[in-house]
Amino acid sequence: MELDEAQTSAIIEVMTENFRETLKLRLEREELREELRELRMSDDPSSDEIIAANTAMGAVRGRREALRIKLREDIQEILTEEQFEQLYEPRIRGDGPGRRDRRDIEPGRGSGGGGRQQGQGRRR
C-alpha cells in the first residue's frame, strides 16, 4: 500500500501515542495481577478485595479495548477508503496474511492415539 509522507507521519504519530497509552495500561494490569496474586496467597484472603482487584483488571481490559478501537478510527481518518479497506478488510474476511484454506488439508494424527491406527489396541 502506497502512503504519502503526510499519511506516514500522521500514522506514526497516532501509533506512538497509542503505544504509550497501551504501555501504561499494561503496567497497571501487571500491578493489579501481582496484587491479586498476593491477595489469593494471603493467610486470610478477603473475597471483597479479590473481587475489587478482578473488577479493576476488567476495567483496564476495557480501556485497552477502547484504545484499540480509537487507533483504528484514527487510522481510518488518515487513510483513503481504499487504503483502509486494503489494511483491514483481509482480516475481517479471515483470508489475510498467514491464513490459508484448510478444507483440503487432511487431519493429522492428533493426540491420544500414540501412533496406532483405530482398532489396533495395545499389543501384549
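The values are calculated or read from the model by the stated rules, or taken from the named source; none is laboratory data. This structure is a prediction, so every number in the text was calculated from the model and none was measured. Cβ placement follows ideal geometry from the backbone for every residue including glycine, while neighbour counts extend to all protein chains displayed.
Please state which one of 35, 31, 49, 65 is at pLDDT 95 or above and over 27 Å from residue 87 (Cβ atoms).
Details: 35 fails: at pLDDT 95 or above; 49 fails: at pLDDT 95 or above; 65 fails: over 27 Å from residue 87 (Cβ atoms).
Testing whether each residue is at pLDDT 95 or above and over 27 Å from residue 87 (Cβ atoms) leaves just 31.
Restricting attention to segment 86-97, does a residue exist that is over 19 Å from residue 16 (Cα atoms), assigned to a helix (DSSP H, G or I), at pLDDT 90 or above and not hydroxyl-bearing (Ser, Thr, Tyr)?
Checked against the condition, which is being over 19 Å from residue 16 (Cα atoms), assigned to a helix (DSSP H, G or I), at pLDDT 90 or above and not hydroxyl-bearing (Ser, Thr, Tyr), segment 86-97 yields no hits at all.
I'm checking my understanding of the structure. Among residues of segment 19-59 that are among the polar types (S, T, N, Q) and surrounded by 12 or more Cβ atoms within 10 Å (Cβ to Cβ), which one is farthest from residue 70 (Cα to Cα)?
This residue is 54.
Pick from 13, 21, 17, 30: which is part of a helix (DSSP H, G or I) and closer than 17 Å to residue 53 by Cα?
Matching residue, one of 13, 21, 17, 30: 30.
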